[in-house]
Amino acid sequence: MRPLYIVVLLTIVSCTNQPIPADNNTTKAALTWPEWYTPLDTVRVLSWNVEHFVDDFDNPYIDNRRENNPAEDLGERRLQLAEVLKKADADIVVFQEFESSSYAQKLAEEYFPELGYQVFGGLESDDWYMNVVVMSRVPLGTFYGYAHANTPIIDQFDEEGNPESQAFLNNRMWSVDVLVNDDYDFNLTGVHLKAGRGERNAAWRLGMIQLMRNQFSKFTALDNDQNLLVVGDFNATPDSPEFRSFLGDSTQLRFLDPLAGTDVFTHPADSVFWRIDHIIPNEYLMPEIVEQRVQVFTPFSPESMDFIADHLPMIVDIIATEQ
């Protein structure tokens, strides 16, 4: 596989002489197909929190026990993760708690080259090792980063009565345009929201959600029926106030939960009892979701899946034609 060089804010891929026709997506109008790509009729997206999945090398700028001294079983975890990915055969994979996009590229080259991933990206933290990373065999357009944005921790105040805010975790959210074929594209957002129970953590997540929804409103202002897909570890159950806030209602930007009202759970992998991982389309993308459903992907036993990570992967298939 030839090396690719990723520019974080704008991913431009090599091209042929066949241009992508213009539409309301300005990124798509400005790009052309890479020579390695054959446009698809359907796209499979997999999202997976892979639990402190680090490489073998100590990053001198990050001081954390798990990153400094990787677990001895990590080599076996890589092998088993690769087997899950081979069985899933997803066109796009979004990892959470994954060290870096360069690590994803190396892993793909060594453990599952037959899957053909060509584009790798993320917005990694300067001082932490758990990031959200994408690898794709579908061309990507513009990356939209939230890393440097400061968001409020809603209705929380410090000891002096000042409103609290944070920019510590916003690198764990990004959006990217996915360019599937001449007539179909969608915007993909990967997330790993603040962990923890209690009012303050929920308020932290709510501030991150408000930032995302504000950006999504900008996307739909440019293209009023823009397809949006958000995947990842929300650290919020479907009945939580922050998750309901993310979905919106019929009078505003609205997302739909394909698993609403079901007993489908994702965590912990060996004895699941709740769903904090989600794949959520907006109302315009929902008709293209095959059978309007999202699946938890468990090709091996609960014990084997838990050995790889404490979350279960989720997949969705998208018909790449406006329905």
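Data overview
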| read-out | value |
| --- | --- |
| Semi-axis lengths, Å, region 34-319, gyration tensor of Cα atoms, sqrt of 5 times eigenvalues | 26, 25, 19 |
| Computed lengthening from Trp274 to Asp56, 0.36 nm per intervening residue step minus Cα-Cα distance | 75.3 nm |
| Max mean-square fluctuation residue, GNM over the chain, Cα-Cα springs under 10 Å, options Phe243, Phe273, Phe265 | Phe273 |
| For region 42-128, the Rg and Dmax computed from alpha carbons only, in angstrom | 13.1, 42 |
| Extreme residue, positive dipole direction of the chain, given options Gln215, Phe57, Leu81 (C-beta unit charges) | Gln215 |
| Contact order relative to length of region 34-319, as percent, for alpha carbon pairs under 8 angstrom and 6 or more apart | 19 |
| Region 202-261 - Rg (one decimal) and Dmax (whole number), Cα, Å | 11.6, 33 |
| Set of aspartates and glutamates near Lys106 by C-alpha distance (under 14 Å), chain-local residues within fewer than 8 positions excluded | Asp55, Asp56, Glu114 |
| P(r) histogram, all alpha-carbon pairs of region 96-192 included - 10 Å bins from 0, percent | 15, 37, 29, 12, 6, 1 |
| Separation of alpha-carbon centers, region 98-143 and region 228-256, rounded to whole Å | 26 |
| Inter-part distance where region 174-215 and region 43-81 are each reduced to a Cα centre, Å | 23 |
| Residue exposure sequence - Thr38, Thr142 - by fewest surrounding Cβ within 10 Å | Thr38, Thr142 |
| 222 nm mean residue ellipticity, helices alone, for the chain (DSSP H n ≥ 4; -39,500 (n - 2.57); rounded to 500) | -6500 deg cm²/dmol |
| For region 149-188, average projected area of the Cα convex hull in nm² | 3.9 |
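Readers should treat all values here as calculations from the given coordinates under stated rules, not as data from a laboratory. All values derive from a computational prediction rather than experimental measurement. A quick note on method: Cβ atoms are made from the backbone with ideal geometry, for glycine too, and the neighbour counts reach across all protein chains shown.
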